[in-house]
1. Give all pairs with beta carbons closer than 9 Å in which a residue from segment 9-27 that is without any contact (Cβ under 8 Å) to a residue 12 or more places away in the chain and on the phi > 0 side of the Ramachandran plot meets a residue that is loosely packed, with under 13 Cβ neighbours inside 10 Å and not in a helix (DSSP H, G or I); count only pairs at least 6 apart in sequence or on separate chains.
2. Counting only residues that are out of contact with any helix residue (DSSP H, G or I) (no Cβ under 8 Å at 6 or more places or on another chain) and under 26 Å from residue 54 (Cβ atoms), which one in segment 11-37 is surrounded by the fewest Cβ atoms within 10 Å (Cβ to Cβ)?
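Bear in mind that the values in this text are calculations on the coordinates, not laboratory data. Keep in mind it's a predicted model, so treat the numbers as computed, not measured. Cβ sites come from the backbone with ideal geometry, for glycine too, and all protein chains shown count toward neighbours.
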């Protein structure tokens, strides 16, 4: 849905969250590849979330408004 309304940064965040939960399924049954994927998706999604928080803060500080 987020990709349809051109809000792709939030869409990527939810794809990252899906990847975390999906890899956690395999990590919970003891597969090493699931554990490694879980770590990778935690780092990538966490980094993306920190970037989104930073970008939102900077946009508010500069009083930037998205064109409608």
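1. Correct list of pairs: empty, since none qualify.
2. 21
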